Amino acid sequence: MKLLHSIFLFLFVFACLAQGQQKEWPEVEKFATSIENVLWDLRGTNSLRHLRYDGESFFPVTGNGMNQNPFRDHAFVDVGVFQLAFSDTRAAWYFVSDDLKLVTPVNISDMIEFKAESGTAIKPVKNFPQDIQNIVWVGRNQGAELKMRWNGKELEVGAKKDAWVVQNVDAVVANRRVLEAGGEGGALFWLAVSEDGSEATWLKVEDIFGGHVRANPGKAAQTVATTGLTPQQNDLANHAEDLMNAGDKVRAATLLRELMRKNAGKPEALKKLQVRFTALK
């Protein structure tokens, strides 16, 4: 991926983390209802290992399925996407698969909301990223006007303080309606587009995890001794293998990139990952 350089400073030097805007669209409400009482087993996570929504609140869940104290803040930010806010500076977005069997949690440290530029023809996003090609997304933070556009090959990212600074950035599809791009110093960004095509959110991503419903358990079971990964990373790698074997190459490749980033200084672990996931190349 080409990296964001000076424009990275424009994007986030004045930005602050805010809770994602709760959507009240019928489609979002339908999604919220569809995941009521689903028990998610999360993979590779730091402490939150199981999660459930009861129709009003999200709960961390014990290993034997008991709800603990609910999270204070949550929002359904789009169809298939919800956010948990842990503090003013810590939040996570959860991207649920269309069949409701898989979830991809991402820890974020910053976010900026964008809207399609006035007068732009938009449509529901069915084919991604083709359906957002050449849509101009506009937003701002406290320091600059911001614009983005997927031109079919690259993500054009622009910021204006005194004058426009624009860079073309390589991006890959990372999840449902999500483009992933790299930034300076190993920074990682996701552009998450709403299902109706009217909005997008630029997320600064710190960690990417996985998960599945309890009724759809994982099968891969390589050990830490075999992979050379930490226990959490090994859990995530096993989940990625299950995704790959099920033909879900986009999500599997996203987790593989995350594992490669987190093991950048460990050549033996990297080599084993490359061999294990050769089918994703």
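Remarks
- Using the alpha-carbon positions of the range 195-281, Rg (one decimal) and Dmax (whole number) come out as 14.1, 47 Å.
- Compactness of the chain, taken as the C-alpha radius of gyration over 2.2 N^0.38 Å, stands at 0.99.
- Residue-wise HN-Hα couplings along the range 128-135, as the Karplus relation 6.51 cos²θ - 1.76 cosθ + 1.60 with θ = phi - 60° gives them from phi, are 10, x, 4, 6, 10, 4, 6, 6 Hz; Gly and Pro carry x.
- The chain, accessible surface, carbon-and-sulfur percent (1.4 angstrom probe): 51
- Only one residue of 144, 264, 125 has its Cα farthest out toward the positive end of the dipole of the chain, where Lys and Arg carry +1 and Asp and Glu -1 on Cβ, and that residue is 264.
- Couplings 3J(HN,Hα) for the range 148-159, derived from phi with the Karplus relation 6.51 cos²θ - 1.76 cosθ + 1.60 (θ = phi - 60°), are 9, 7, 8, 8, x, 10, 9, 9, 8, 10, x, 9 Hz, where x marks Gly and Pro.
- J(HN,Hα) series, the range 189-199, from Karplus relation 6.51 cos²θ - 1.76 cosθ + 1.60, nearest Hz, glycine and proline x: 10, 10, 9, 9, 9, 6, 4, 7, x, 9, 9
- Net charge dipole size for the range 57-191 [Lys, Arg +1 and Asp, Glu -1 on Cβ; Debye, nearest 20]: 220
- Percentage, to the nearest whole number, of Cα pairs in the range 167-220 over 13 Å apart: 68
- The Cα-based radius of gyration of the range 129-215, divided by its Kirkwood radius, gives an Rg/Rh of 1.00.
- 5 angstrom amide H check on residue 220, placed H, neighbours 5+ away: 242
- Accessible-area ranking of 261, 43, 90, largest first, probe 1.4 Å: 90, 261, 43
- Probe 1.4 Å - accessible area at residue 88, Å² to nearest ten: 130
- Computed about its Cα centre, the charge dipole of the range 164-281 is approximately 500 debye, with only Lys, Arg, Asp and Glu carrying charge at their Cβ.
- 5 Å-binned pair-distance histogram of the range 39-183 (Cα, whole percent): 2, 8, 15, 18, 18, 14, 11, 8, 4, 2, 0, 0
- The dipole here belongs to the chain: it is taken about the Cα centre, uses +1 on the Cβ of Lys and Arg and -1 on the Cβ of Asp and Glu, and is about 900 debye.
The values are calculated or read from the model by the stated rules, or taken from the named source; none is laboratory data. These figures come from a predicted structure and were not determined experimentally. When we count neighbours, we look across all protein chains shown, and the Cβ atoms used for this are built from the backbone with ideal geometry, even at glycine. Quick note on the areas: whole protein, heavy atoms, side chains included, nothing else; ligands and nucleic acids left out. Shrake-Rupley method; radii C 1.70, N 1.55, O 1.52, S 1.80 Å.
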